[in-house]
1. Quick one: how many residues across region 202-234 are charged (D, E, K, R) and touching a residue at least 60 places away in the same chain (Cβ under 8 Å)?
2. Among the residues of region 87-114, which ones are closer than 19 Å to residue 11 by Cβ and either in contact with a helix residue (DSSP H, G or I) (Cβ under 9 Å, 6 or more places away or on another chain) or of a type in the set (D, E, K, R) (or both)?
3. For the condition in a helix (DSSP H, G or I) and crowded, with 16+ Cβ neighbours inside 10 Å, what is the one hit in 294, 221?
4. For residues that are in contact with a Pro (Cβ under 7 Å, 6 or more places away or on another chain) and assigned to a helix (DSSP H, G or I), scanning just region 14-52, find the one that is farthest from residue 97 (Cα to Cα).
5. Has region 133-152 got any residue that is of a type in the set (Phe, Trp, Tyr), surrounded by fewer than 23 Cβ atoms within 10 Å (Cβ to Cβ) and within 26 Å of residue 173 (Cβ to Cβ)?
6. Only one of (1) part of a helix (DSSP H, G or I); (2) under 21 Å from residue 225 (Cα atoms) is not met by residue 174, so which one is it?
Amino acid sequence: MFNVAIIGATGYTGREVAGILARHPYARPHYLTSESFAGQRLDQVYPQFRSLLELPLEKPEMKKVAECDFIFSALPHGHAMETVPELLATGKKVVDLSGDFRLKDLSLYPKWYGYEHRHPKLLARSIYGLPEVNRAVTRQADLVANPGCYPTSILLALKPLLLEGVVETTDIIVDAKSGVSGAGRSPQLPFHFPECTENFKAYKVAAHQHTPEIEQELSALAGRQLKITFTPHLVPMIRGIFSTCYLRVKEGCTEDTLWEVYNKHYAGEQFVRLLQAPRVPETKFVSGSNFCDLSFRLDKRTNRLIVLSAIDNLIKGAAGQAVQNMNIMLGLPEECGLK
């Protein structure tokens, strides 16, 4: 049994990691930290853990972290950057759920995240933890940058198409929607119930911090630098992401060819489900799960491919994928705790 530390256990993603590990056959929560709720127990902050997980919440101490076998960092962007080096100094493997170690280009952080990155060597050392792409290198990693929720839904949707070269790499448009939990647990006026209920809006138009992450990983798949048009929207629901991707297919590419491409890449992937017409993904059918549901339609009238993707932003888009990465890094069956 592996003892696991969760640094920042009372945010939404930290809570989800704790919940998954509470039913994991080979790993268990052992040390939980929280700056805001230190001195309380996890079940006092989240009563659903009563009689299930009643561990104390403490201020982080590296001596206690070092007593664990594995570490999750569920700290906000900007804070993880300073804490992760200390976590790695314990000699233990780390999955970081923030955006602090995802971008390989140091110069992108001031523009997209609003701060300078001070650990370029760790950026070069981190592995981008999308298992369906980077499983082999994740096995050898000691620092995995867990992907963002929007990027996960988009990269899984487009990976087969770009690797097989069946679509044009220009004029890619992504229209994506997220539940309110994607904004985190700290109260903010735009996500106050009266502000967001019975409402639907775009936000951070042409300025969302996940844009360079998506472009970085899509470019790696395509083998050339590409840019996309990405517009996120806020939906008045708690959890879920639905991404609709628009691309041009290359001449001679048929719907049968596209199904062959998707089946080739995902036939052996237990957390990607392909839906044949007339079925389409829906957020409620992935809620609480580590699945990504995918489907597509080829609009022959416009020669445009429409790819549809649904995930739970807190599970496959965050905590579930983090545990999936932990399983890979520890040599455990990938599905442990996730099915």
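Throughout, read-outs are computed from the coordinates displayed, never taken from laboratory work. Computed from a prediction, not measured in an experiment: that's the story for all the values here. Positions of Cβ are backbone-derived with ideal geometry, glycine not excepted, and every protein chain shown enters the neighbour counts.
1. Pass one, region 202-234, residues charged (D, E, K, R): 204, 213, 215, 217, 224, 227.
Pick out the ones that are also touching a residue at least 60 places away in the same chain (Cβ under 8 Å) and you get 213, 217.
The number of residues fulfilling the criteria is 2.
2. Quick first cut of region 87-114, residues closer than 19 Å to residue 11 by Cβ only: 87, 94-102, 113.
Of everything in region 87-114, those that are closer than 19 Å to residue 11 by Cβ and either in contact with a helix residue (DSSP H, G or I) (Cβ under 9 Å, 6 or more places away or on another chain) or of a type in the set (D, E, K, R) (or both) turn out to be 87, 94, 95, 96, 97, 98, 99, 100, 101, 102.
3. Working: 294 fails: in a helix (DSSP H, G or I).
One residue alone meets the criteria, 221.
4. It comes out as 21.
5. The initial filter retains those residues of region 133-152 that are of a type in the set (Phe, Trp, Tyr), namely 150.
Those still in the list that are surrounded by fewer than 23 Cβ atoms within 10 Å (Cβ to Cβ) too: none.
Checking region 133-152: not a single residue is of a type in the set (Phe, Trp, Tyr), surrounded by fewer than 23 Cβ atoms within 10 Å (Cβ to Cβ) and within 26 Å of residue 173 (Cβ to Cβ).
6. (1)
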